[in-house]
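J.: One structure, pasted below without further comment.
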Amino acid sequence: MNINTRRKKGATGWITPGNYKITGIGQKTYLNHRLIFLMHHGHLPEFIDHIDGNTLNNRIENLREATKSQNTINTKIRSTNKSGIKGVSWNNRGKKWEVYLMLNNKKMS
């Protein structure tokens, strides 16, 4: 994992620009929530979801195995979202708000 981060001398871990805690072991860096999940459950799924959406909250009670779709659904609203509601966007051509959802990577209007 090549992440541009800064840390203080003697620090055991640091936070990525994406707001995830990471730890260096030897010459490699690891996302803390993945290490914690592995230690508690004995396996490492492809996706791990932070239930409360807080990527800094790595308590095991806040971590769950998820599919890519489940993990995406649980993301916070993007800062570029003008409506303040997931799945609602402004249609410039029609000059009106439109509602959509994503199903199997396809936009359903």
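The values are calculated or read from the model by the stated rules, or taken from the named source; none is laboratory data. As the structure is a computational prediction, the values presented were derived from the model and not from experiment. We place every Cβ from the backbone using ideal geometry, glycine too, and count neighbours over all the protein chains shown. Protein only, heavy atoms only, side chains kept; ligands, DNA and RNA dropped before computing areas. Shrake-Rupley method; radii C 1.70, N 1.55, O 1.52, S 1.80 Å.
J.: Once R0 is set to 25 Å, what does the formula 1/(1 + (r/R0)^6) return for the Cβ-Cβ distance between Glu65 and Lys107, expressed as a FRET efficiency to the nearest 0.05?
T.: The calculated FRET efficiency here is 0.40.
J.: Enter the angle in degrees (range 0 to 90, nearest 10) between the Cα long axis of helix 32-41 and the first principal axis of the Cα atoms of the chain, meaning the one along which they spread out most.
T.: 80 degrees
J.: Got a sec to turn the phi values of the range 48-55 into Karplus ³J(HN,Hα) couplings, 6.51 cos²θ - 1.76 cosθ + 1.60 with θ = phi - 60°, whole Hz, x for Gly and Pro?
T.: My calculation for the range 48-55 gives 10, 9, 8, 4, 8, x, 8, 5 Hz in order.
J.: If you don't mind, another one. With 21 Å as the limit, write out which pairs from Lys86/Lys106; Lys21/Lys82; Lys21/Lys86; Lys21/Lys107 have Cα-Cα distances beyond it, or answer none.
T.: The pairs that break the limit, which is 21 Å between Cα atoms, are Lys21/Lys82; Lys21/Lys86; Lys21/Lys107.
J.: Taking the solvent-accessible surface of protein heavy atoms with a 1.4 Å probe, what is the per residue accessible area of the chain in Å²?
T.: In whole numbers, the chain has 81 Å² accessible per residue.
J.: Here's another thing I want to ask about it. If amide H atoms are built 1.01 Å from N in the plane of the peptide, which residues on other chains or at least 5 residues away come under 5 Å of the amide H of Phe47?
T.: Distant-sequence amide H within range of Phe47: Ala66.
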